[in-house]
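The values are calculated or read from the model by the stated rules, or taken from the named source; none is laboratory data. Computed from a predicted model, the values in this text were never measured in an experiment. Note that we place each Cβ from the backbone using ideal geometry, even for glycine, and neighbour counts take in every protein chain shown. Each accessible area value is taken on the protein alone, full model and side chains, heavy atoms only, with ligands, DNA and RNA left out. Shrake-Rupley method; radii C 1.70, N 1.55, O 1.52, S 1.80 Å.
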Amino acid sequence: MCGIVGYVGNDKSLEVLLGGLKRLEYRGYDSAGIAVIDGDGAMNTRKRAGKLSVLSDDLEQAPIANGATGIGHTRWATHGGPSDRNAHPHLGDDGKLALIHNGIIENYAELKQELLNDGAEFESETDTEVAALLIGKAYRETGDLTSAFRSVVSRLEGAFTLLAIHQDEPGVVVAARRNSPLVIGLGEGENFLGSDVAAFVAYTRRAVAIGQDEIVTIRPDSVLVTDFAGNEVTTDEFEVSWNADAADKGGWPSFMAKEITEEPAAVTNTLLGRLTEDGVHISELDDLGEDYLKAIDRITIVACGTAAYAADLGKYALEKWSRLPVTVELSHEFRYRDPVLDERTLVVSISQSGETMDTLMAVKYARENGAKTLSICNTQGATIPRESDAVIYTHAGPEVAVASTKAFVAQAVAIYLLALHFAQVRGTLGQEQVQHNVAELKALPDKLEQVLESSADIAALARWMTDTDSVIFLGRNAGFPVAMEGALKLKEIAYIHAEGFAAGELKHGPIALIEPGQHVFVVVPSPRGENSLHKKVVSNIQEIRARGAVVLAIAEMGDAEVAANADEVVRIPLAGPLFEPILAVAPLHIFAMELAKAKGLDVDQPRNLAKSVTVE
Ligand code: F6R
């Protein structure tokens, strides 16, 4: 939920920390702070409530000395509201240790009481300060920051990544992690730490992900990783597959605008290396074994938010092509309701960040209860893939805007690939059907480019609707998850009350909401094909129009019947029934962004939200 960066090397900590925090700001943006040990060995800290720009401006007006060792933090408040006092770093009681934290220390109250009994004084209302005081105190006993960490971290319960520096030990940053992300960046004569690789990708693409309950000590020329007991552990280095430019706005007015335009590329890159002459092969599934893929009798997908809507969409293809029963569950509901699981259940998690705590806990629960786990993830080295039996990476590139867009299409495509892989292994689709679906997948990027060409018209529609205070989204069959995604995006970016409904459900209640002037987006399926639900959706449109609704339809090119029944029509290219929803979602992403812009809102950093929800 917070962004963390650490650096040790040359006298450039300030640049590294502020640059890293800029790239991590999507993780939290209600306060920010840094601590640097300067060339004279003095500890300099600065922290400010508000976005990172407040801290940067402050540092510009009243600079602090640069140094070779530093840590930086951008916060999404949990314990203690956003204020200068509660911003990180927090100091040990002698002011020599500075510490930053991502996560929640669940037993902080009893630890705080212990410190209060010893006469400690607290400057903030955070759980973090407890760790700062405990490690600061332990340092006085051990004289070594790594040992001080070791004596404290196993006492902390909950989720944490902690990073600290100590004035008496310049040239060292120590970190520990439990249930919260941490990655090392390996440089030449310098090393980095970050909540994710975005923190340091401007300097190095060599990275190492840190396992559960491990402590890391970085110096300019060395990296040591141990478990909490001090035993050295082996680590795997990986190369970050994107460069710093990918994490920059690159001339776009917002990250969200950039990422929507990257939807076609997100599909292309997710398909890359997974299409064969015969159809589809996902080599990552080799880790599970073909016998296992044949033996499973059910799939449960766990995810939250947009990832869960991508799962809802993917379910249509997965069931249809693999003939396996599929359920989609919100991760936080799944693990608390005693779900039936066994070794023949494959639990697939979907997470862009790979750090969503609810999903991580669902994956752990599934493994503990005998299921195998497969992660669909966009972030290399993240925790959920590390905790899973196998991983399919969606190579959508870094997603920085808080609202997920390109990840949705990449996740849907990854499930479609999974569905085709299963269909081949289990023999549930003929060669011709597989080839047909592969051709549909391959055609998606170009068709998505065509959809993006109507951005200006959608922006005009959004501007026309700036004063609306409620929008309903309807979809049927595979269009239903698209309606849900459209409603979520509008809520979170434009702060407009929005609801998504299955169009068939309308008459069972929601139609009571329709009154003259109510805006309703309808995802209309193609009229082509024997089993088309087009007529039924057009009937729904007629029902709501008769009651005064303003209907905005998303329909395929050439669908004249819709044009005659709707107030506005956004056109998408022709595609098969399972593929058109992937084209219908982009206009809704653009619509939400443009409406938020028209209302003068910050589309990349909506209020109250953070990109990775790393607390339950
Ligand atoms: C919505 C959004 C969230 C995330 C959800 C899961 O635009 O971004 O609903 O989709 O928090 O996040 P990941 O995919 O990182 O697990």
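Residues that are buried (at least 20 other Cβ atoms within 10 Å of the Cβ) and modelled with pLDDT of 95 or more within the stretch 502-518 comprise just one, A503. Just so you know, in the stretch 306-321 the residues that are of a type outside the set (A, V, I, L, M) and in contact with a strand residue (DSSP E or B) (Cβ under 8 Å, 6 or more places away or on another chain) include one that is farthest from the ligand (Cβ to nearest atom), and it is E319. I'd like to know if the stretch 399-411 contains one or more residues that are within 14 Å of E284 (Cα to Cα) and touching a helix residue (DSSP H, G or I) at 6+ places or on another chain (Cβ under 8 Å). Looking through the stretch 399-411, none of the residues is within 14 Å of E284 (Cα to Cα) and touching a helix residue (DSSP H, G or I) at 6+ places or on another chain (Cβ under 8 Å). Checked against (1) away from the ligand (no atom under 13 Å from the Cβ); (2) at pLDDT 95 or above; (3) touching a helix residue (DSSP H, G or I) at 6+ places or on another chain (Cβ under 9 Å), R335 meets all criteria but (2). Taking the listed residues E239, E259, E263, E277, the one that is loosely packed, with under 12 Cβ neighbours inside 10 Å and at pLDDT 90 or above is E239, with no other qualifying. Within the stretch 109-119, the set of residues being free of Cβ contacts under 8 Å to residues at least 40 places away in the same chain and either touching a helix residue (DSSP H, G or I) at 6+ places or on another chain (Cβ under 8 Å) or open to solvent by 90 Å² or more (accessible area, probe 1.4 Å) (or both) comprises E110, K112, Q113, L115, N117, D118. Put simply, of A32, A62 the only residue that is of a type outside the set (S, T, Y) and crowded, with 24+ Cβ neighbours inside 10 Å is A32.
Scanning the stretch 120-128 turns up no residue that is without any contact (Cβ under 8 Å) to a residue 24 or more places away in the chain, at negative phi and assigned to a helix (DSSP H, G or I). Scan the stretch 587-605 for residues that are farther than 11 Å from K489 by Cα and within 14 Å of the ligand (Cβ to nearest atom) and the total you get is 2.
Can you name the residue in the stretch 364-382 that is away from the ligand (no atom under 11 Å from the Cβ) and under 16 Å from the mean Cα position of the chain (by Cα) and is also most open to solvent (accessible area, probe 1.4 Å) among such residues? For the stretch 364-382, the residue satisfying everything is Q380.
Scanning the stretch 564-574 for residues that are open to solvent by less than 50 Å² (accessible area, probe 1.4 Å), touching a strand residue (DSSP E or B) at 6+ places or on another chain (Cβ under 6 Å) and within 12 Å of Q542 (Cα to Cα) turns up just one, A566. The set of residues from the stretch 180-211 being among the β-branched types (V, I, T) and surrounded by fewer than 23 Cβ atoms within 10 Å (Cβ to Cβ) comprises T204, V208. Only strands (runs of 3 or more DSSP E) whose full extent lies in the stretch 152-251 are considered here, and the ones with at least 3 residues that are within 30 Å of D93 (Cβ to Cβ), assigned by TED's automatic domain parsing to the domain that holds L133 and out of contact with any helix residue (DSSP H, G or I) (no Cβ under 7 Å at 6 or more places or on another chain) are 158-166, 173-178, 214-219, 222-227.
Residues in the stretch 585-600 that are over 12 Å from M465 (Cα atoms), in contact with a Ser or Thr (Cβ under 9 Å, 6 or more places away or on another chain) and among the aliphatic types (A, V, I, L, M): V585, A586, I590, M593. Which residues, counting only those in the stretch 80-96, are closer than 10 Å to G33 by Cβ and open to solvent by 60 Å² or more (accessible area, probe 1.4 Å)? Once the filter is applied, which keeps residues that are closer than 10 Å to G33 by Cβ and open to solvent by 60 Å² or more (accessible area, probe 1.4 Å), the stretch 80-96 yields only D84. Could you go through the stretch 412-424 and let me know if any residue there is more than 25 Å from the chain's Cα centre (by Cα), free of Cβ contacts under 8 Å to residues at least 60 places away in the same chain and in a helix (DSSP H, G or I). Looking for residues that are more than 25 Å from the chain's Cα centre (by Cα), free of Cβ contacts under 8 Å to residues at least 60 places away in the same chain and in a helix (DSSP H, G or I), one finds none in the stretch 412-424, hence no. Per the listing V562, V520, V569, the residue uniquely in contact (Cβ under 8 Å) with a residue 24 or more places away in the chain, outside any helix (DSSP H, G or I) and within 24 Å of I590 (Cα to Cα) is V520. All of V280, V328, V302 fail the test of being away from the ligand (no atom under 16 Å from the Cβ) and in contact with a helix residue (DSSP H, G or I) (Cβ under 9 Å, 6 or more places away or on another chain), apart from V280. Residues of the stretch 464-491 that are open to solvent by 30 Å² or more (accessible area, probe 1.4 Å) and either within 16 Å of the ligand (Cβ to nearest atom) or within 18 Å of the chain's Cα centre (by Cα) (or both): M484, L488, K491. Residues of the stretch 526-563 that are open to solvent by less than 30 Å² (accessible area, probe 1.4 Å) and under 14 Å from E580 (Cα atoms): S526, H534, A553, I554, A555, E556, D559.
Close Cβ contacts (under 7 Å, 6 or more residues apart or on different chains) running from residues in the stretch 289-317 that are of a type in the set (S, T, N, Q) to residues that are open to solvent by 30 Å² or more (accessible area, probe 1.4 Å) and assigned to a helix (DSSP H, G or I) comprise T306/L488.
Scan the stretch 343-357 and give yes if some residue there is free of Cβ contacts under 8 Å to residues at least 24 places away in the same chain and either over 28 Å from V603 (Cα atoms) or buried (at least 21 other Cβ atoms within 10 Å of the Cβ) (or both), otherwise no. No, every residue in the stretch 343-357 fails to be free of Cβ contacts under 8 Å to residues at least 24 places away in the same chain and either over 28 Å from V603 (Cα atoms) or buried (at least 21 other Cβ atoms within 10 Å of the Cβ) (or both).
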